[in-house]
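The values are calculated or read from the model by the stated rules, or taken from the named source; none is laboratory data. Note that the structure is a prediction, hence the values are computed from the model and not measured. FYI the Cβ positions are ideal-geometry reconstructions off the backbone, even for glycines, and counts take in every protein chain you see. The accessibility values were calculated without ligands, DNA or RNA, using every heavy atom of the protein model including side chains. Shrake-Rupley method; radii C 1.70, N 1.55, O 1.52, S 1.80 Å.
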Amino acid sequence: MDNYFNGPALFVKQPFREFYIISIPATKLVNICYSFPAIYGEELLNGVQRGLNDKRISNIAEFSKTENALFPNSIILSANILPDGTSPEEECWYLDGANLVIPSDKKYASIVDGQHRLAGLKKAIESGDIDETFSVVCAVYFKLTAPEQAEVFATINFNQQKVDKSLAYQLFGYDLDADDKKYWAPDTLAIYYSRLLNKMEESPFFNRVNYGMAQIGVDENIDWSISTSSLVEGITSLFSSNPTSDRYEIHKKKLIRNERDCLKIKSNSPPLRQAFIDKKDKSIFDLILNYFKKWSVMAWQSENTLFMRKTIGIQASFDILKDLCNMYGLDQSAILERLDDVNLNKLGNVEVNYSGIGRSQIRNELRDQLNLN
């Protein structure tokens, strides 16, 4: 039986994983791939990419019909893996010397990145405007697990502002149980905290963390929420000034894996950096939880200070927590006691601008009241 496709493949070796670059006709490629959107629910993230945007698909389809159509960036695939994470038992993709062989037209490859391009190409093919001469560059990995697919997707999209930051943070923290906590980067720990804050009934953020994606089982009557990105960035600021650099340092390729203690302490390091390095995770979390529980009782219910539960208010609250940690470290009692010095009537009189400047307005008022300037 003739193979569905057989073509030359270029081997590429990189630290994350080896893969192959290959050109595949679009008419064949659209039949052998599947994609599924990221959906947050049941405390698991199922899927890798965003939901499909029909308008974007139509635009790509129209563009692909023109004489100027070009798609130089590669579609990234994970071959020989099914939606449930298992491998197909027969007709798997394989290498024959320098060639990649795809035996059949069964959907045995997950689209890690490029689902909109493929959906647009498929729409153009169905209209009869693209033939077998239109080929697409693909980067083919073999058997990337769902967490690995998510990491690839988030890594290549995160700094290009193509992906909602909240979604990207969730993708990065996809499988928190897959690694020992001693290897966690600062933003990974912050993602873990954000999930706890969202699912704990005693948390003031219970069911209110917005993941930048469809959420299942969340009360539609909830009147406010906070984005994962705002929460993660606020938490991370307590123990990392540059979480990307810290992540790269911990994950640097070495014979013996780096743990958190590979990170350095500098004179201007955030106040809880040593606590993070020393893995005092529970103490840090308890401080954050109880700090915001007190804010929720003090200011989140009054009409005059409702801005304290909005993004600018929560960001400013993290700024103040950072200031207080500079003074008291992890001394939770001392930090919570200082909040008693806040004059809520005076805070409520601040004419808050609900844009970026609002954060500094709230922060400056609180710093003045707490003598933190």
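Listing for the model above:
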| item | result |
| --- | --- |
| Residue match in the range 241-256 (condition: open to solvent by 50 Å² or more (accessible area, probe 1.4 Å), aliphatic (A, V, I, L, M) and assigned to a loop (DSSP other than H, G, I, E, B)) | yes |
| Which numbered condition Glu337 misses (of (1) open to solvent by 40 Å² or more (accessible area, probe 1.4 Å); (2) part of a helix (DSSP H, G or I); (3) closer than 18 Å to Arg208 by Cα) | (3) |
| Failed item, numbered, when Phe172 is tested on (1) at pLDDT below 95; (2) open to solvent by less than 10 Å² (accessible area, probe 1.4 Å) | (2) |
| Residue that is most open to solvent (accessible area, probe 1.4 Å), among those in the range 257-266 that are touching a residue at least 60 places away in the same chain (Cβ under 8 Å) and in a loop (DSSP other than H, G, I, E, B) | Arg257 |
| Single condition Ile57 does not satisfy, out of (1) of a type in the set (Val, Ile, Thr); (2) without any contact (Cβ under 8 Å) to a residue 12 or more places away in the chain; (3) assigned to a helix (DSSP H, G or I) | (2) |
| Residue under evaluation Lys293, criteria (1) in a helix (DSSP H, G or I); (2) open to solvent by 60 Å² or more (accessible area, probe 1.4 Å); (3) more than 30 Å from Asp180 (Cα to Cα), criterion not met | (3) |
| Any chance Ile277 is in contact (Cβ under 8 Å) with a residue 12 or more places away in the chain and under 24 Å from the mean Cα position of the chain (by Cα) | yes |
| Of all residues making up the range 62-80, the number that are polar (S, T, N, Q) and open to solvent by less than 60 Å² (accessible area, probe 1.4 Å) | 4 |
| Residue within the range 309-317 that is without any contact (Cβ under 8 Å) to a residue 12 or more places away in the chain and not in a helix (DSSP H, G or I) present | no |
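Conditions (1) open to solvent by 60 Å² or more (accessible area, probe 1.4 Å); (2) within 18 Å of Pro8 (Cα to Cα); (3) more than 26 Å from the chain's Cα centre (by Cα); (4) of a type in the set (Phe, Trp, Tyr), marked per residue:
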site: Asp96; (1), (2), (3), (4): yes, yes, yes, no
site: Lys107; (1), (2), (3), (4): yes, no, yes, no
site: Ser110; (1), (2), (3), (4): no, no, no, no
site: Leu118; (1), (2), (3), (4): no, no, no, no
site: Ala124; (1), (2), (3), (4): no, no, yes, no
site: Asp131; (1), (2), (3), (4): yes, no, yes, no
site: Tyr141; (1), (2), (3), (4): no, yes, no, yes
site: Val152; (1), (2), (3), (4): no, no, no, no
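Condition check ((1) among the hydroxyl-bearing types (Ser, Thr, Tyr); (2) at pLDDT 90 or above; (3) in contact with a strand residue (DSSP E or B) (Cβ under 8 Å, 6 or more places away or on another chain); (4) not in a helix (DSSP H, G or I)) across all residues:
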position: Ser104; (1), (2), (3), (4): yes, yes, no, yes
position: Ala119; (1), (2), (3), (4): no, yes, no, no
position: Asp129; (1), (2), (3), (4): no, no, no, yes
position: Glu132; (1), (2), (3), (4): no, no, yes, yes
